[in-house]
Structure formats: structure tokens, C-alpha cells
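The values are calculated or read from the model by the stated rules, or taken from the named source; none is laboratory data. Just so it is clear, the structure is predicted and the values come from calculations on it, not from any experiment. We place every Cβ from the backbone using ideal geometry, glycine too, and count neighbours over all the protein chains shown.
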């Protein structure tokens, strides 16, 4: 941060200080401005942001957590919910520097431009287009949703991307930059724990932008690998016939247009027969009940509806793990009966969300509603999408698709 401040001009230094609620009064020399900038470096920038309460131009942050912005003392006082419920949680939110540290950028050097603090309208799309172009690809194939194409088309209704010519489904990326459509030759010695581990296991170079599309698949992989390890008692080794693992995948939307990418879960677990059941209201009515073969040892069944309703049907089969991607557990009332089901049947749910706060709050909300079970601490998902999501306050709350995860084990 010091290097960044030292590189700023006088005008930029003044803007840097005032955008963070500091004062440049009495700053005569450039050195004075640099000292003032360093004093407020840990505060969030208010440039381009809006007041949490009224949407106006903010002038101050919450004095306790420093995460929410307001334009006046009256708006601070009006935000009663934040003071009473949210503030102590937002104080625990990881700063962007912790989420976008040197290890991530070292493993994925191209990610730096997608993690930049640029949240203006259209910035995410422009950054993605630039990253794809630099990698030798374009916004076609599985990139269509991320690149803003297909707007207005229901999830699961986009035509499948063409399988040929080679690389077409990946927007024309070079074959060496995308994972092979074959499983690992031998099981891994232990579960993968980072994007760097994944690239090494699949023989992909650090320049590969495949993680931008594979974050749902790798997030599911991590949940399944943990469930298998738990079932094995941590032994890791198995012999005999390949075990069959059932995984319930909830809330799928854009994933419906890129189902072949879920084959990577199976490829990374070559000694496992995998059956995914994708349950979501977004499943098109004409695809309800469709079974898609991902690999010779993996299938996904599409189910239209809510999970607790699906569980009442005769076809429900107990899963090794339930996974909810970008869930919004506290944002939608439909999650309450689903969590009650998970609790009553003593299932394990792995849920992700865009911001840390969204996976912290369920630990408070659902026990108050009588949902019995235990919640893990919220944590940064190692297989989050390595790109910041655009949003007016997304540098205050680090914001990534499948960015943070929490584990709920039903039954107490």
C-alpha cells in the first residue's frame, strides 16, 4: 500500500484522503498528504459508493465496524438493524487484502486485473473480455452467461455450446489451457486445497483462465472430497468396487447452461461413481426429471422445485452431502423448511455465498428459529471465482461468486 500511495500525484492524494473520510487541512507539502493518506489507508473508499440507508452520496462509515457507509448522522440512526444485529458480524469481515493475497495472484497471475478495485457499470464484463482475449479466447461457449450474453433467456434454456471445433465450448481457448475431458490417471494422495493445487493436478499452466468457469465444479468437488474422507474415517484409501456417492446440489441457475463442466468433479474422483441431483426452481419445466450423463461414471438428474418438496417424493435418496451454491440462506424464506429438513434428517449442508456476512448470519438466525444443528465458522472458499463481482460497495465487502462457505450439520 505504501508503494501505491508514494506513486500518487498531489491531486490524487487529496482525493484518496477525502474519499476515505480524512482531512487534508494543514497539508502543505506532498509529504504531509502522503502521511494523511497512510493514516486513512485502512478505511474504505467512498468514491462511487452510496449511503446504506438512503442511497445518497456517503460522507462517513459506521464508527464501529467501518464497513457500511452513510451520508448523515440521521441515516446512521435510522439503520437500526445494522446496529442491533449486523454490526458485530461485519467487524469480522476479511479485508480484500486477505482475500486477494499474494498466493492467489502467484497461482493465477492473470487474476490481478479481475480483482482490481473498479466497480463502474460494465467493468466486470470489460475485464472478463480482456482476460479472455489475452488468453486467446472469446466470450462464446460456456462463457456466455459470464460475458453478459443470453440475457432474458431462462436458465437451462440456452442451446448447448458446440463441441467442435476443438475448444469451441471454451470460447476457443487453446487446448493446453483447459482441463482434458478425461479423469485423472490415479486418485489424488489427498484433497486439493487451492487453485494452484488444481492446476498442478490437471497439468494446466498458471495462465489458464479455466478457474473462472470451474469454481462451481471445484466447490462441489471439495464438499464431496470432504464427505468421502469423513466416511472413510480419514483413511483415504479404498479397495474393491468404486463407491457410489449421491450429492444433492441446490439452487442451480447459470450452472444449468454449463452442466458438462460438472464432469470435472468426477474426473478428480476417478475411483468414485457419482450421482448429482440438481434441485432448483430454475430447472425448466421441460427438463424436470432429465438425466444427463456427465462421464461414464457420473450423472446429474434435474429436478424442478424446492428441496424440501423434492424430499417428500419417493425418488429421494439420502445424499453424502448437500451443496448450495451462492445460496442466500438468510435472503429467501424458502430456505427455512429446507434447513429444517436438513436438521431433521441429520444431513450435512455446504453452502456458499458472495460475501462473508451472508454465511455468518445463518449461525444466528436459524437457531433462533428452532433449526437444530451445528454451524462451522465461515471461511474463505479456496475455490471461489478469482474475480471481484461488480457492485456499488463490493470493495467494502469482498464479493466473489462462491466466495465464502459454511457447513451445517443437522441434528445437533
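Does residue 288 count as within 23 Å of the chain's Cα centre (by Cα) and in the same structural domain as residue 169 (by TED's automatic domain parsing)?
Taking the combined requirement at face value, the residue does not satisfy it.
Among the residues of the stretch 367-391, how many are part of a strand (DSSP E or B) and closer than 30 Å to residue 51 by Cβ?
Here the count works out to 1.
How many of the residues in the stretch 77-136 are surrounded by 12 or more Cβ atoms within 10 Å (Cβ to Cβ), part of a loop (DSSP other than H, G, I, E, B) and at pLDDT below 80?
So the answer is 4.
Whether any residue in the stretch 271-279 is assigned to a loop (DSSP other than H, G, I, E, B) and touching a residue at least 60 places away in the same chain (Cβ under 8 Å) is what I want to check.
Yes, because at least one residue in the stretch 271-279 is assigned to a loop (DSSP other than H, G, I, E, B) and touching a residue at least 60 places away in the same chain (Cβ under 8 Å).
Looking at (1) modelled with pLDDT under 95; (2) over 22 Å from residue 376 (Cα atoms), can you tell me which one residue 332 breaks?
Going through (1) modelled with pLDDT under 95; (2) over 22 Å from residue 376 (Cα atoms) one by one, residue 332 breaks only (2).
Pull up the stretch 276-291, narrow it to residues that are touching a strand residue (DSSP E or B) at 6+ places or on another chain (Cβ under 6 Å) and buried (at least 19 other Cβ atoms within 10 Å of the Cβ), then point me to the one that is nearest to residue 190 (Cα to Cα).
276
Name the residues in the stretch 375-411 that are over 10 Å from the mean Cα position of the chain (by Cα), closer than 17 Å to residue 348 by Cα and either crowded, with 19+ Cβ neighbours inside 10 Å or modelled with pLDDT of 90 or more (or both), would you?
Matches in the stretch 375-411: 375, 376, 377, 378, 379, 406, 407, 408, 409, 410.
Looking only at the stretch 161-178, count how many residues are assigned to a loop (DSSP other than H, G, I, E, B) and surrounded by 11 or more Cβ atoms within 10 Å (Cβ to Cβ).
Number satisfying all stated conditions: 9.
Within the group 293, 315, 311, which residue is more than 11 Å from residue 259 (Cβ to Cβ) and either at pLDDT 95 or above or in contact with a helix residue (DSSP H, G or I) (Cβ under 7 Å, 6 or more places away or on another chain) (or both)?
Residue meeting the stated conditions: 311.
Within the stretch 190-218, how many residues turn out to be farther than 18 Å from residue 263 by Cβ and either free of Cβ contacts under 8 Å to residues at least 12 places away in the same chain or not in a loop (DSSP other than H, G, I, E, B) (or both)?
So the answer is 4.
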